[in-house]
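Notes to accompany the following structure.
The values are calculated or read from the model by the stated rules, or taken from the named source; none is laboratory data. If you're wondering where the values come from, they're calculated on a predicted model, not measured in any experiment. Note that each Cβ is placed from the backbone with ideal geometry, even for glycine, and that neighbours are counted across all protein chains shown. The accessibility values were calculated without ligands, DNA or RNA, using every heavy atom of the protein model including side chains. Shrake-Rupley method; radii C 1.70, N 1.55, O 1.52, S 1.80 Å.
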Amino acid sequence: MPNPAWYSHEICFWHDPGPGSGYVPVGPGVEPLRQFAVDPDLRRAEGLVRASGVLDHFTEVTPEPATDEDLLLVHSADHIGRIEAASAQGAGDAGVYAHVNYHSAQAARLAVGACVQSALAVLDGRFDRAYCLVRPPGHHAEPDRAMALCLYNNVAVAARAAQRHGARRVMVLDWDVHHGNGIQKAFYEDPNVLYVSVHQEGLFPPASGLVTETGSGDGAGTTLNVPLPAGSGHDAYLAAMARLVQPAARAFGPELILVAAGVDAGGHDPMGRMMCTSRTFHAMTTMMCRTAEELTGGRIVFAHEGGYSAWYQPMLVLGTAAAVAGLPEPRDPFLHSLEHLPGQRIRPHQSRVIEHLESHHPLLTRGRQA
Ligand SMILES: [Zn+2]
């Protein structure tokens, strides 16, 4: 059995982007409402993982806040200053739709700290694998701009810290339903970081994460975007994993895999239009753990990103966590409501995206060209 670690911190649950509707703050036409992105739901996720006994299979670790030195691996000093200042005021937008409260600056440093420290612990062999239950999320945060609920780019900083620690080549897989524009931007010209995103086509940010965005300069070929059409479910996601993500990992040859493991591709999520279930996340997590065993000596870290269904997010985190611990998929009382919908089997228009990338992406066609 693996020896996994679980990184979480109470203060991450105290970050709150304030009242609004969805991601939109209170204003003209927007009544006050408990946000989808509030973090007591994350505490409920941890509660389910604990109550189910799955957390007993992890070593629980309390992270330290990331230092300025860590944050500066990806972000500018001005960016850090804007987040600290907005948070010190107790409210405000630290970027573009990146609202904060008094605790957000510390929560954001702890989220980065968890990802950095777990990556280094896995590289040093203290744990085989790790899961970071952190908020705020990170993958939209760009080097000089907080964006869409994301303050610092947790996984991007962890990738840079892993390189500083001696890992030469790092793969970042991102299966959050939105495109991780911030991670892509940080590594677009870097040949030593492979960024793979499986997301809903055209969702957010607009016109971001196209199949034609494959990296540039020295990093040409080390960005792979898989924009699945809205309505994709279990089979489409597993086909993308088996036919694109795993072959890309083998072609690249990473020494560490980081997964931006948002669960907002879940079938009940209000921020996406996908159909995934706890079984999908368990299967994808298991596949990536096997890929890590094959390529990186098992070194893999999963970090939470988006996830906005108050009732289903905990079960999706449990499905992911169970697989990280090498345990069978959990009993999911919500499964029947999603699995019997017709969109769970792969459809031709979903297959075509995968076929196109199989035959056109530079990393996947390398060596196949005459
Ligand atoms: Zn998301």
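Simple point charges give the picture: +1 on the Cβ of Lys and Arg, -1 on the Cβ of Asp and Glu, and for the chain a dipole about the Cα centre of about 780 debye. Using only the Cα atoms of segment 1-96, build the gyration tensor, take square roots of its eigenvalues as a ≥ b ≥ c, and label the shape rounded, prolate or oblate: rounded if a/c is under 1.5, else prolate if a/b is larger than b/c, else oblate. Oblate shape, in that a/c is at least 1.5 and b/c is the bigger or equal ratio. Among the chymotrypsin sites (Phe, Trp or Tyr not before Pro) found in segment 309-370, those both in a DSSP coil and sparsely packed, with 15 or fewer other Cβ atoms within 10 Å of their Cβ, are Trp311. The mean sequence distance of close C-alpha pairs (under 8 Å, at least 6 residues apart), as a share of the length of the chain, puts its relative contact order at 18 percent. Against the criterion of solvent-accessible heavy-atom surface with a 1.4 angstrom probe, Glu293, Glu142 sort, most first, into Glu293, Glu142. When the residues Glu305, Glu255 are ordered by accessible surface, computed with a 1.4 Å probe over the protein chains alone, the sequence from largest down reads Glu255, Glu305. Loop-resident trypsin sites (Lys or Arg not before Pro) (DSSP state other than H, G, I, E or B) in segment 312-359 with no more than 11 further Cβ atoms inside 10 Å of their Cβ: Arg331, Arg345. Taking a ≥ b ≥ c as the square roots of the Cα gyration tensor eigenvalues, segment 128-278 comes out rounded, since a/c falls below 1.5.
Put Thr59, Thr223 in order of accessible area, highest first, and with a 1.4 Å probe you get Thr59, Thr223. Rounded, prolate or oblate, given the Cα gyration tensor of segment 4-365, with a/c below 1.5 counting as rounded? Rounded shape, in that the Cα axes give a/c under 1.5.
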